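Peer 1: Would you mind keeping the following structure in view while I ask a few things?
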Amino acid sequence: MRIGIAVEGCTLGLWDEVGCRAVMVQPIREKIVARAKGCGDLLGIIRRREVDVAFGWRNFDRVPDVDVEVVPLPEAVEVRRTTGIAVVAGTPRSAEARRFALWLASDEGRAIYRRWGWKEAGAAQAEVRAPLLP
């Protein structure tokens, strides 16, 4: 079996976190044959069939031209990560950036995350604070 992992980007550390929880780091490590520079690169490795299995996200099966079967992991070893958004201090478009951040945290914005398989950890709240820097 040939395993693909990412060594940069949003899936960095995913394989070893799952491996640690499943107490299988060494057996997994021995079968790693492809190391991607993030999700996009990992998807390319999958498309080219360079691996038999890859550590990625539940929504990989929703990516066009990627033929995979996503196998959900048991909750005990599943890795969940969060996302956030920041308004860059001093941006000349701070009002527009704030509106976008608030929209992303709105019911409509959160529905997009749910459509792509993300789960909400709890009650989502939008909090936009003033930039820390002038």
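The values are calculated or read from the model by the stated rules, or taken from the named source; none is laboratory data. All values reported here derive from a predicted model rather than from experimental measurement. Here the Cβ is made from the backbone with ideal geometry for all residues, glycine too, and neighbour counts use every protein chain on show.
Peer 1: Could you grab me the full set of residues in region 48-70 that are within 16 Å of the chain's Cα centre (by Cα) and within 16 Å of Arg2 (Cβ to Cβ)?
Peer 2: Within region 48-70, Ala54, Phe55, Gly56 qualify.
Peer 1: Right, something else. Return the total of residues in region 22-47 being more than 18 Å from the chain's Cα centre (by Cα), surrounded by 15 or more Cβ atoms within 10 Å (Cβ to Cβ) and assigned to a helix (DSSP H, G or I).
Peer 2: Total meeting the criteria: 2.
Peer 1: While we're looking at this one, here's another question. Going residue by residue through region 62-78, is there one that turns out to be over 16 Å from Gly13 (Cα atoms) and assigned to a helix (DSSP H, G or I)?
Peer 2: yes
Peer 1: I'd like the residue in region 48-61 that is assigned to a helix (DSSP H, G or I) and free of Cβ contacts under 8 Å to residues at least 40 places away in the same chain and, out of all such residues, is surrounded by the most Cβ atoms within 10 Å (Cβ to Cβ).
Peer 2: Per the stated criteria, the residue is Phe60.
Peer 1: With the condition kept exactly as written, say whether any residue in region 82-90 is surrounded by 10 or more Cβ atoms within 10 Å (Cβ to Cβ) and among the small types (Gly, Ala, Ser).
Peer 2: Yes, the conditions are met somewhere in region 82-90.
Peer 1: Shifting gears a bit: Of all residues being loosely packed, with under 14 Cβ neighbours inside 10 Å and touching a residue at least 12 places away in the same chain (Cβ under 8 Å) in region 68-77, which is farthest from Leu42 (Cα to Cα)? Just the residue, please.
Peer 2: This residue is Ala76.
Peer 1: Within region 86-93, is there a residue that is closer than 19 Å to Thr11 by Cβ, outside the structural domain of Arg48 (by TED's automatic domain parsing), in contact (Cβ under 8 Å) with a residue 12 or more places away in the chain and assigned to a loop (DSSP other than H, G, I, E, B)?
Peer 2: Among the residues of region 86-93, not one is closer than 19 Å to Thr11 by Cβ, outside the structural domain of Arg48 (by TED's automatic domain parsing), in contact (Cβ under 8 Å) with a residue 12 or more places away in the chain and assigned to a loop (DSSP other than H, G, I, E, B), which makes the answer no.
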